[in-house]
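What follows is a single structure, written as structure tokens, with notes after it.
What follows draws every value from the coordinates through simple rules; no lab data is involved. Predicted model, so just to flag it, every value in this text is computed and none were measured. Here the Cβ positions follow ideal geometry from the backbone for every residue, glycine too, while neighbour counts run over all protein chains shown.
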Amino acid sequence: MTRIAILGAAGFIGNRAVEYFHDRPGYSVQPIVRRLSSAALAGRLGYECRIADAADGRSLQGAFEGCDIVLCATAGSPDEIVGAIPPIFQAASDVGVKKLIYLSSASVHGQAPLPGTTEDSPLPRRHQLPYNAAKARAEQRLHELGRRGSLPYAILRPGIVYGPRSQWIGGFADALLDGSAYLVDGGQGICNAIYVDNLLHAVERSIESDAGDGIPLLVGDRETVTWADLLGPVARALGFSPESLPRPAAQDILEAKTPVRARLRSAAAGAMQHLPPRIVQTIRAAKRAAFPRGSARPGRKIAFSRETALLHSCAVKLPSDKAARLIGYEPGYGFADGIARSLAWLDFAGYPVECER
């Protein structure tokens, strides 16, 4: 029996990882959360969460005790992303963990990578967004520690991870309902999407194979899809026409100076990711009640995001060939199935879904 510690079990990916490995034969799960108030999601499956802060080596040692694998699915600020790597690595080494699996991001190549980009491509020397730079530095720190230590580690670089409870699904639904949704260039850019269970399949393959140890691996869905393909079904399910949404040009957004209000809104959206799920759900419910479907806030001007402009202008489908070759990555869920499951969750979560697609 392989015991897997899931660090960040209250987040979107971490919570789904608890569910995924709960159902896999040969695995037992140890959820780890930052605070007791975040233990409810894992607790509904009968798990007793361990409490630890990713920056606190002593609490991490206790949380990792008795575990064979540590899956690092934590979120945080850029400083927290980088700063968590040494204590996590050291704590896992000290208690005899057999492997650390780190969920990095395809954004280390930028939101709009160059044609021909693979894992072997040099990373940009200067990143346009702090998150990208933090993930790249975190990978570098992990490589440095790995060279000096004896703990095997794997690095996975997923793109846009979507599915039930994802910010890409629920967040876009919220934007539709409060009148702030838009599709840059009509959403025709390539979306390097990966359904969350396909990512967790890659995690499982990394556990069961050592061929990819120490090598960053890009992982994504099999199909090439656009942002309109991902977000259009969400709009239609809530009774909106994707064609009716604002379609600002990426070039105009990227060349414009970012207003202070837009920066504050971006910071607030980032902070939402670190709140307990129950509080996030309460905030979203209040927004839906205050601003019914299709209504816009009085006098509100949509703040176009630089990050969204970069993402929506992507022209490159990142490959998963290396992951397939080294660890046997083979995504089991097609894009259509992933979207269908995501829309079913919207209905379950209380969004005003009018149709299935």
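Order by neighbour count: PHE348, PHE172, fewest other Cβ atoms within 10 Å first, most last.
Ranked by crowding around the Cβ, least crowded first: PHE348, PHE172.
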Kindly express, to the nearest 10 degrees and within the range 0 to 90, the angle between helix 85-94's C-alpha long axis and the longest C-alpha principal axis of the chain.
30 degrees
Over all viewing directions the Cα convex hull of segment 1-130 casts an average projected area in nm² of 9.1 nm²
At a threshold of 8 angstrom on Cα-Cα distance, excluding pairs fewer than six apart, so keeping six or more, what relative contact order does segment 91-138 reach in percent?
40 percent
note: the chain, Cα-Cα separations exceeding 29 Å make up a percent value of 39 percent
Taking the simple approach of a point 7 Å from Cα along Cα-to-Cβ for both ASP56 and ALA40, what is their distance in nm?
2.2 nm
How long are the semi-axes of the equivalent ellipsoid of segment 92-161, taking √(5λ) for every eigenvalue λ of the Cα gyration tensor, in whole Å from largest down?
25, 12, 11
Each residue of segment 185-200 in turn: what ³J(HN,Hα) in whole Hz from Karplus with 6.51, -1.76, 1.60 and θ = phi - 60°, glycine and Pro shown as x?
6, x, x, 7, x, 6, 9, 7, 7, 8, 5, 4, 6, 5, 4, 5
In a Debye calculation with equal point scatterers on the alpha-carbon sites of segment 55-208 and no solvent, what is log10 I(q)/I(0) at q = 0.13 Å⁻¹?
-0.70
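Order of SER77, SER313 from fewest to most other C-beta atoms within 10 Å?
Numbers: SER77 14, SER313 20.
If I rank by nearby Cβ atoms, fewest first, I get SER77, SER313.
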Count, lysine Cα pairs under 21 Å in the chain, 8 or more residues apart or across chains
6
Could you give me the ³J(HN,Hα) list for segment 310-317, computed from phi with Karplus coefficients 6.51, -1.76, 1.60 and θ = phi - 60°, whole Hz, x at Gly and Pro?
5, 4, 6, 9, 4, 10, 10, 8
Report, largest value first, the span of the C-alpha coordinates of segment 180-261 along each principal axis, in whole Å.
47, 33, 23
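Which value in Å is the Kirkwood Rh of segment 80-127 over different Cα pairs? Walk me through the numbers before you get to the answer.
On the way: mean 1/r = 0.0760 Å⁻¹.
Result for segment 80-127, one decimal place: 13.2 Å.
What is the order of GLU330, GLU255, GLU204, fewest Cβ neighbours within 10 Å to most? Before the final figure, lay out the partial values.
Values: GLU330 13, GLU255 9, GLU204 23.
Arranged by neighbour count, lowest to highest, GLU330, GLU255, GLU204 become GLU255, GLU330, GLU204.
Relative contact order for the chain: what percent, with Cα pairs under 8 Å and sequence separation of 6 or more?
On the way: 659 pairs, mean separation 67.6, N = 357.
Dividing the mean separation by the residue count of the chain yields 19 percent.
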Intensity falloff of segment 123-218 expressed as log10 I(q)/I(0), Debye formula with alpha-carbon point scatterers, at q = 0.11, 0.20, 0.24 Å⁻¹:
-0.48, -1.16, -1.30
Taking placed amide H atoms and a strict 5 Å upper bound, the residues 5 or more places from TYR153 or on another chain that come that close are LEU100, GLY214
The chain: antiparallel bridges as % of DSSP beta bridges, rounded to 5, reads 5 percent
How high is the relative contact order of segment 139-258, in percent, counting Cα pairs under 8 Å that sit 6 or more residues apart?
36 percent
How big is the Kirkwood radius of segment 1-78, worked out from every pair of different alpha carbons and given in Å to one decimal?
12.2 Å
